[in-house]
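Down below is the structure, laid out as C-alpha cells.
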Amino acid sequence: MSVDPTIPAPVPTDFIRDIVATDIAASRYPKIVTRFPPEPNGYLHIGHAKSICLNFGIARENLGQCNLRMDDTNPAKEDIEYVDAIIADVKWLVAGWADHCLGFKPKGATATLGAVNGQPDYYLAPVPPSISSEPFFASDYFDQLYDYAITLIRKGQAYVCDLSPEDTEKYRGAPDHPGKDSPFRTRTVADNLNLFERMKAGEFPNGARSLRAKIDMASPNIWLRDPLLYRIRHTAHHHTGAKWCIYPLYDYAHCLSDYLEGITHSICTLEFVDHRPFYDWILESLGLPRALPHQYEFAKLNLGYTLVSKRKLLQLVNEKVVNSWDDPRMPTLSGLRRRGIPASAIRQFVTGIGVTKFDSLTEIAVFENAVRQELNATAQRRLGVLKPIKLVLSNLADDETVECTATNNPQDENPTVRSVMLTREIFIESEDFAEVPPPKYFRLKPGGEVRLKYACIIKLDEIVKDASGTITELRCTADLTTRSGQPNSDKKVKGTIHWVSASRCIDAEVRLYDRLFNVAEPAAQDDFLKVVNPNSLEVVTAKLEPSLANAKADDRFQFERLGYFALDKDSPEAGTGARLIFNRTITLRDTWAK
RNA sequence: UGCCUGAUGGUGUAAUGGUAGCACAGGUGACUUUGACUCACCUAGUCAUGGUUCGAAUCCAUGUCGGGCAGCCA
C-alpha cells in the first residue's frame with residue numbers, strides 16, 4: 001500500500017473552495033484566513049471535525065491560516081474546562097497535517113488600534129501556538145465591540161430599548177406577519193449614548209434594557225427585525241471575570257471578531273443562512289477600512305447510529321449510560337481518540353464525504369471504512385485470544401517450545417518479524433471451535449484440521465468434558481512438518497486460526513465496544529434513551545502474546561482475525577506488571593456474517 | 001400560508017451547456033498461513049412537467065417534496 005509521491009494527493013473541491021479560488025484569482029485578499037470558533041460550552045465531536053477539517057484544509061491548501069477562537073459571549077453557559085478540552089482536541093486533530101496553519105495570539109493580547117488608509121482600525125495578528133500564546137477569545141474584544149456599538153449609536157443605527165424580553169418577542173411579529181417598532185426606537189443619540197453607558201456601568205438589572213440594531217421591523221427576514229446587539233447579564237465570565245455586565249450577542253460579536261482577526265472566509269453551518277444579511281449589515285454600517293470577511297454556510301454532518309446534540313450527549317453522561325465525555329462509545333473527539341481511532345482516519349472521513357448544502361445522513365459504514373483503511377496500513381499484527389478455550393497438543397512434550405516467525409505488518413513494504421512460541425498447551429478462540437459446525441465452517445471441528453497461524457496444521461483428536469458436560473479442553477495432534485520452511489509447509493487447509501501459548505501469554509482486560517444506539521437515527525426518536533444498545537460494552541479477560549506487555553499509548557494493534565486495539569488511557573503503564581487495558585477500536589470486516 | 005435553502009444509484013458525492021464518474025454499502029468470483037487485505041466483474045441514479053438549445057443533471061418556468069428561521073443561546 002505504498003503511495004507514489006510523484007502523484008499529488010487529490011485536493012478536495014467543493015462550492016466553498018471554489019469561492020476561495022475565485023477570490024484568490026481576483027486578488028481580493030492578501031492571504032486566506034479562516035477560523036474555527038466553538039463556544040466553550042461542551043466537548044467537540046465528530047461534527048466539529050468536519051468544520052475543523054474544512055477550515056484548516058482551506059488554510060493549508062492556500063498557504064493561509066486558521067485561527068482557533070473561543071466564541072465565548074454567553075458567560076452563563078461556558079466554562080474554562082471546555083476551553084482546555086477544545087484546545088487539546090483541535091491540536092490532536094490537525095497534528096502533522098495543519099499545525100503550521102493554526103493561529104493563536106499572544107497571551108492576554110487583544111486587538112490594537114492602528115490606522116488603515118488614514119482611518120483608525122483595530123486588528124489582532126496571529127502567532128503560532130507556544131507556551132506564551134493562547135487561542136483567540138471573542139471576549140477579548142469586548143472593549144472594541146463596545147466602541148463599535150458607540151459608533152453605531154452615533155450613526156443612528158442602534159438604540160437602547162426598554163422592552164422586556166417578553167414584549168420584545170411580541171413586537172417582533174412572526175414569520176408570516178411583520179413586527180412593529182419598539183416605542184424606544186426613536187430615542188435621541190444622546191439618550192442612547194447615556195443609557196448604553198449606564199447599562200455598562202451596571203445601573204440596570206438583567207433584562208431591563210438592551211441595545212438593538214435599527215434595521216426594519218417589517219423585514220421578511222426575522223433576523224433583521226431590530227436584532228439585539230447587547231443584553232444585560234450580571235454574571236462573571238470565565239475569561240473576563242467581573243469586568244462586564246453587558247454581553248454582546250453572537251451575531252454582533254461574530255462578524256466583528258472575524259474582522260478584527262482579518263478573517264476572509266467565515267464558514268458556518270446552514271442554520272445561519274438567515275443571519276448572513278445581519279452579519280453584512282453590521283460590517284457595512286461601520287464603514288471599516290479593511291477588506292470585509294464573508295460568511296458561507298454548509299450542511300453539518302449527520303452520521304448514522306450517532307448523536308451529536310450537546311444536550312443529549314450530556315444526558316448520556318449524567319444518566320450514566322456512558323462513563324464520561326471521553327467514553328470510547330461517545331462521538332466526541334476525546335472519545336474517538338480514547339477508542340484508538342487515529343486523527344488521520346477522522347480527517348480522511350470528513351474530507352471524503354464532501355461539503356454541500358444538502359442535509360444528508362452519512363452511513364456509519366463510511367466512517368468505519370476510513371478507520372479500517374488507516375489501521376490496516378499501520379497497525380502491528382499480534383496474536384490475542386479474547387474468549388479462550390484450552391487446547392493441548394498431545395504430541396508435544398511439557399517443556400517443548402517451537403519457535404514460530406510472525407509478521408508484524410504484511411502491509412509494510414519490508415515487513416519485520418518477531419518470534420512467538422508454540423507450546424504443548426495453548427488457548428484458541430472459543431468461537432473457532434464448533435462441536436456441531438454450521439455449514440461451510442472452516443474452523444476447528446471434530447475430526448477436522450486447521451492451521452495455527454504462523455505455526456502448523458493440527459488435527460482434533462478428542463474433546464474433553466467435565467462431569468457437567470462443559471468442554472474443558474481440546475486435544476489435538478500437531479503436524480510440525482507443515483511449519484513454514486518444513487517439507488509439508490505447502491499443505492493447504494481451509495481454516496487458519498489464531499492462538500497464544502498458555503504458559504507464555506499475559507492476561508489483559510479488553511473492552512469490546514459496539515454501537516451505542518440500535519437505530520440509524522437516534523436523534524429522530526421521541527426518547528433516544530430507549531434505543532440505547534444495552535450491549536455496547538463487553539469486558540473480557542483476554543490472553544495475549546507476551547510482546548504486548550510492552551504496548552505504548554500510541555501503538556495501534558491488530559489482534560489477528562479480531563480487530564484493531566489500542567491501550568486505554570487509564571491502562572497501567574507497560575512494564576509495571578499490572579494488567580493492561582485495551583480498547584477494541586473496531587472489528588475487522590467480516591463477510592462471513594452470521 | 002412569509003423569508004431562506006436544497007433535491008443525481010441504497011448512502012455520500014463529482015460532472016458548472018458536450019461520454020452521468022468516484023467512494024461506501026450490496027452481490028459474484030479469484031487470491032489468501034487473518035473468512036482480513038488485494039484484485040476482477042456485477043447491481044443501481046439526474047424529483048416531476050413543460051420550455052430554450054444541434055445538445056440540458058447543468059439554463060428558464062411551473063409544480064412536488066425536504067430542511068432551516070419568530071432566544072436577551074451559539
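The values are calculated or read from the model by the stated rules, or taken from the named source; none is laboratory data. A quick note: this is a predicted structure, and the numbers were derived from the prediction, not measured. Here the Cβ is made from the backbone with ideal geometry for all residues, glycine too, and neighbour counts use every protein chain on show. Just the protein is used for accessible areas: all its heavy atoms, side chains included, with ligands, DNA and RNA removed. Shrake-Rupley method; radii C 1.70, N 1.55, O 1.52, S 1.80 Å.
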With the label point 7 Å along the Cα-to-beta-carbon line of A:GLU400 and a cut-off under 11 Å to each amide N, the hits in region A:453-481 are A:477-481
Per the C-alpha gyration tensor (a ≥ b ≥ c, the square roots of its eigenvalues), region A:181-283 is rounded if a/c is under 1.5, else prolate if a/b beats b/c, else oblate; here it's oblate
Most packed first (mean Cβ within 10 Å per residue), the peptides A:429-441, A:240-252 order as A:240-252, A:429-441
For region A:387-504, shape from the Cα gyration tensor axes a ≥ b ≥ c, cut at a/c of 1.5 then a/b versus b/c, turns out prolate
Mean Cβ-within-10 Å packing, highest first, puts peptides A:186-193, A:306-313, A:145-152 in the order A:145-152, A:306-313, A:186-193
So the carbon and sulfur contribution to the accessible area of chain A, 1.4 Å probe, in percent, is 50 percent
Whole-percent tail of the Cα-Cα distance distribution for chain A, cut at 46 Å, equals 32 percent
Here the net charge surrounding A:ILE463, from other residues whose Cβ is less than 11 Å away from its Cβ (Lys, Arg +1; Asp, Glu -1), is -1
The rounded separation in angstrom of the Cα centers of region A:132-151 and region A:329-392 is 39 Å
By the Cα gyration tensor axes a ≥ b ≥ c (a/c under 1.5 gives rounded; else a/b larger than b/c gives prolate, otherwise oblate), the shape of region A:136-243 is prolate
A convex hull over the alpha carbons of region A:15-303 yields, per residue, a volume in Å³ of 140 Å³
The answer for GluC sites (Glu not before Pro) in region A:347-424 that fall in a DSSP coil and have at most 10 neighbouring Cβ atoms within 10 Å is A:GLU413
With the convex hull built on the alpha-carbon atoms of region A:270-389, volume per residue in Å³ sits at 177 Å³
With the label point 7 Å along the Cα-to-beta-carbon line of A:LYS459 and a cut-off under 19 Å to each amide N, the hits in region A:490-514 are A:490-497
Subtracting the Cα-Cα distance of A:GLU509 and A:LYS312 from 0.36 nm times their residue separation yields 68.0 nm
Note to self: with every protein chain in place and a 1.4 Å probe, chain A gives an accessible area per residue in Å² of 45 Å²
Restricting to lysines and to Cα separations under 28 Å from A:LYS320, and discarding same-chain partners fewer than 8 apart, the set is A:LYS50, A:LYS77, A:LYS300, A:LYS310, A:LYS312, A:LYS387, A:LYS530, A:LYS569
The extension gain from A:ASN206 to A:GLN157, computed as 0.36 nm times the residue separation minus the Cα-Cα distance, is 15.3 nm
Computed for chain A: size of charge dipole around the Cα centre, +1 on C-beta of each Lys and Arg, -1 on C-beta of each Asp and Glu, debye to nearest 20, value 340 debye
Taking 0.36 nm per residue of separation between A:ASN41 and A:ALA76 and subtracting their Cα-Cα distance, the length gained on full extension comes to 11.7 nm
For chain A, the longest principal axis of the Cα atoms and the Cα long axis of helix A:46-61 enclose an angle in degrees, to the nearest 10, of 70 degrees
